[in-house]
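Participant: Quick one: this structure, given as structure tokens, is what I'll be asking you about.
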Amino acid sequence: MRSGNSPNNQKELINKLETIQALVGDCLALLMQRRRLVTSTPHRAGHSPVSATPLHFEFNARAYVKRHAKGLSGQEKFVLLLAYLTKGDTNKEVSLGDIKKLWNTMKSKSLLGKLNLAFANRAKDGGWVDSKKRGFYNLHRSWKDVLSNG
């Protein structure tokens, strides 16, 4: 078997292609958003502002959550917080302990409320996060779907 076709190389290639696909999707979304801003109409009442707001990972955690978590369910907030911790990187794993620690710094009920560990399972059921090893989570490439559910 040639070294270029080993299972590890194929897995790495698939991971890189998925990353490229996610980046292309992000770029297309930004282009569409820019196009909408140029030709935008006033927002309808009841329309969730989350889907139209680009993520700003450079903000501090409280500002990020305050800006993006409004109107999201618990599992969607879990995904949003995981996205903050990974800066949107689907290959980066974060421990549940780190997620809990950051979640618990958001004391205000208006920000996140109480962490329910079922949120992690529901986020996995929704296909937004993966857990390759117990107690560690990474984003699935479809994680941005939580932003369009509003």
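Participant: Being basic (Lys, Arg) and surrounded by fewer than 16 Cβ atoms within 10 Å (Cβ to Cβ) is the filter; apply it to region 73-123 and report the residue that is nearest to Leu147 (Cα to Cα).
Facilitator: Lys87
Participant: Turning to a different aspect of this structure: Quick one: would you say Asn5 is loosely packed, with under 11 Cβ neighbours inside 10 Å and modelled with pLDDT of 80 or more?
Facilitator: No; evaluated as a whole, the condition is false for this residue.
Participant: Just to be sure, is His68 surrounded by 11 or more Cβ atoms within 10 Å (Cβ to Cβ), under 28 Å from Asn15 (Cα atoms), at pLDDT below 85 and not assigned by TED's automatic domain parsing to the domain that holds Glu18?
Facilitator: Answer is yes for this residue.
Participant: If you don't mind, there's one more thing I want to ask. Does region 71-94 contain any residue that is in contact with a strand residue (DSSP E or B) (Cβ under 8 Å, 6 or more places away or on another chain), assigned to a strand (DSSP E or B) and touching a residue at least 12 places away in the same chain (Cβ under 8 Å)?
Facilitator: yes
Participant: In region 124-143, which residues are assigned to a helix (DSSP H, G or I) and surrounded by 15 or more Cβ atoms within 10 Å (Cβ to Cβ)?
Facilitator: Those that are assigned to a helix (DSSP H, G or I) and surrounded by 15 or more Cβ atoms within 10 Å (Cβ to Cβ): Lys124, Trp143.
Participant: Identify the residue in region 27-65 that is of a type in the set (D, E, K, R) and closer than 30 Å to Gly97 by Cβ and, among all such residues, is modelled with the lowest pLDDT.
Facilitator: Glu58
The values are calculated or read from the model by the stated rules, or taken from the named source; none is laboratory data. This structure is a prediction, so every number in the text was calculated from the model and none was measured. Please note: Cβ atoms are built from the backbone with ideal geometry, for glycine as well, and neighbour counts cover all protein chains shown.
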